[in-house]
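A short write-up of the structure that comes next.
The values are calculated or read from the model by the stated rules, or taken from the named source; none is laboratory data. In this text the structure is predicted, and so the values were computed from the model without any measurement. Every residue, glycine among them, receives a Cβ derived from its backbone with ideal geometry; neighbour counts consider all protein chains shown.
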């Protein structure tokens with residue numbers, strides 16, 4: 001397994017632009033927004049793989065963490081604008097969790113730019129195009145995510161003031 | 001037997017008829033280790049002790065003890081708490097996991113507890129300890145007939161060196177005089193700051209090396225007073241299957257991230273997870289960092305006010321707020 005992953009990672013770093021971005025989109029707004037963008041034939045990057053969730057309130061921060069630790073290059077979460085949630089308050093809960101997670105990621109060595117959350121409504125096809133293009137560009141700049149698999153060959157472990 | 005032990009005993013004796021069980025500390029297998037005591041007979045109250053070796057956070061036992069208690073009797077449970085333990089207890093009350101009127105809390109102001117691992121490193125041959133006292137910046141250890149002084153940083157537990165709440169915040173009876181906190185309310189956490197100062201790559205390498213040692217014994221979870229789902233922990237469920245049995249670093253790290261996420265805004269920094277870790281992973285640092293973020297975002301500290309709500313279990317309905 002480890003060998004396979006190593007090969008996979010090495011491939012990633014040599015092959016140009018093999019980027020995987022996971023998008024968690026709320027069923028009621030952003031998924032519709034992405035659909036609108038498609039129907040309107042707005043040009044979009046193809047690196048994003050979309051997972052439809054019933055509401056951003058369903059978005060467990062662990063979804064993002066698991067994806068990033070296992071080597072996804074970016075995670076994008078998008079839902080309804082505040083006060084427009086189909087379930088009234090789902091995105092309010094989500095907003096708190098996402099913000100806390102975003103600030104936490106750098107502490108364990110994951111670039112916080114790899115995680116982005118935003119609000120896009122079903123009619124905002126153009127906004128969706130912009131969001132997804134900007135995020136994909138940023139991830140391409142950052143390059144592949146090394147993930148959390150390989151044991152680094154550390155000569156001297158860090159000792160902290162504990 | 002010192003005065004404090006006597007007062008603790010007398011305090012419980014007065015109300016013992018209403019209590020189903022008393023949770024306290026008694027001497028363990030040697031004079032260095034104290035162990036949790038579950039006292040059901042008034043005659044056993046003599047066993048209760050309090051000294052800097054009483055490291056265990058007893059509020060971790062409260063949830064299961066209450067669940068196992070006789071539902072018809074509705075008897076109270078007596079418990080001894082230090083400052084940090086009282087925060088865990090408050091957090092449990094906040095979330096409705098413990099009813100305030102079912103516990104009788106004896107609060108003990110605490111000057112800090114000893115980290116047995118640190119002590120063993122200092123004095124590997126230690127056998128008979130007759131007493132440990134903590135002064136402002138020194139720990140006095142009387143052992144094997146000799147008295148020795150050490151700087152506190154060498155002996156005290158990590159959590160005690162940055163303790164903001166040495167006095168119990170919630171109690172029915174207080175034993176002894178309140179003590180002053182070791183650091184200021186808004187003081188920084190040195191270990192977290194040290195890590196924060198590193199580069200992204202160095203931080204990732206640090207956690208990879210630390211997590212590589214994890215043997216997934218789940219002791220950190222089992223010792224945590226706030227990990228209340230223990231028997232139905234998502235780390236062990238098959239549906240949803242979050243973790244496999246692989247011994248990959250990513251699986252180990254995911255487990256610790258589950259704990260971090262679930263304890264966000266709830267962890268009271270009692271340090272039990274780090275104390276029980278058999279391979280010395282500084283797990284507490286993850287929660288400490290999360291607590292800094294929660295403080296910054298929501299101006300909230302866990303386990304202070306029994307009436308307030310943990311920030312991630314509520315929301316702000318304004319359009320621009322968090």
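Kindly evaluate residue B:124 against the criterion of being modelled with pLDDT under 90, assigned to a loop (DSSP other than H, G, I, E, B) and either touching a strand residue (DSSP E or B) at 6+ places or on another chain (Cβ under 8 Å) or within 19 Å of residue B:30 (Cβ to Cβ) (or both). I'd like the intermediate steps shown before the answer.
Details: modelled with pLDDT under 90: yes; assigned to a loop (DSSP other than H, G, I, E, B): yes; either touching a strand residue (DSSP E or B) at 6+ places or on another chain (Cβ under 8 Å) or within 19 Å of residue B:30 (Cβ to Cβ) (or both): yes.
Spelling it out, residue B:124 is indeed modelled with pLDDT under 90, assigned to a loop (DSSP other than H, G, I, E, B) and either touching a strand residue (DSSP E or B) at 6+ places or on another chain (Cβ under 8 Å) or within 19 Å of residue B:30 (Cβ to Cβ) (or both).
In the set A:117, A:93, which member is part of a strand (DSSP E or B) and within 14 Å of another protein chain (Cβ to nearest Cβ)? Walk me through it before giving the result.
Values: A:93 fails: part of a strand (DSSP E or B).
When all the criteria are applied, what remains is A:117.
When you go through B:4, B:9 one by one, which is the residue that is assigned to a helix (DSSP H, G or I) and closer than 27 Å to residue B:144 by Cβ?
Working: B:9 fails: closer than 27 Å to residue B:144 by Cβ.
The unique qualifying residue is B:4.
Yes or no, residue by residue, for (1) at pLDDT 95 or above; (2) in a helix (DSSP H, G or I); (3) crowded, with 22+ Cβ neighbours inside 10 Å:
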residue: B:247; (1), (2), (3): no, no, no
residue: B:256; (1), (2), (3): yes, yes, yes
residue: B:261; (1), (2), (3): yes, yes, no
residue: B:265; (1), (2), (3): no, no, yes
residue: B:286; (1), (2), (3): yes, yes, yes
residue: B:293; (1), (2), (3): yes, yes, no
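Would you say residue B:216 is modelled with pLDDT of 90 or more, more than 14 Å from chain A (Cβ to nearest Cβ), more than 21 Å from residue B:81 (Cβ to Cβ) and in contact with a helix residue (DSSP H, G or I) (Cβ under 8 Å, 6 or more places away or on another chain)? Give the steps one after another, and end with the answer.
Details: modelled with pLDDT of 90 or more: yes; more than 14 Å from chain A (Cβ to nearest Cβ): yes; more than 21 Å from residue B:81 (Cβ to Cβ): yes; in contact with a helix residue (DSSP H, G or I) (Cβ under 8 Å, 6 or more places away or on another chain): yes.
Yes; evaluated as a whole, the condition is true for this residue.
For segment A:28-41, what are the residues that are crowded, with 16+ Cβ neighbours inside 10 Å and either farther than 14 Å from residue A:119 by Cβ or touching a helix residue (DSSP H, G or I) at 6+ places or on another chain (Cβ under 6 Å) (or both)?
Filtering segment A:28-41 down to residues crowded, with 16+ Cβ neighbours inside 10 Å leaves A:28-34, A:36-37.
Residues satisfying the conditions are A:33, A:34, A:36, A:37.
When residues of segment B:161-182 are filtered for being within 13 Å of chain A (Cβ to nearest Cβ) and assigned to a loop (DSSP other than H, G, I, E, B), how many remain?
1
Could you figure out which of (1) modelled with pLDDT of 95 or more; (2) away from chain B (no Cβ under 14 Å); (3) over 18 Å from residue A:131 (Cβ atoms) isn't true of residue A:21?
Result: residue A:21 passes all but (3).
Residues B:226, B:211: which one is within 14 Å of chain A (Cβ to nearest Cβ) and either surrounded by fewer than 19 Cβ atoms within 10 Å (Cβ to Cβ) or under 22 Å from the mean Cα position of the chain (by Cα) (or both)?
Numbers: B:226 fails: within 14 Å of chain A (Cβ to nearest Cβ).
Result of the check over B:226, B:211: B:211.
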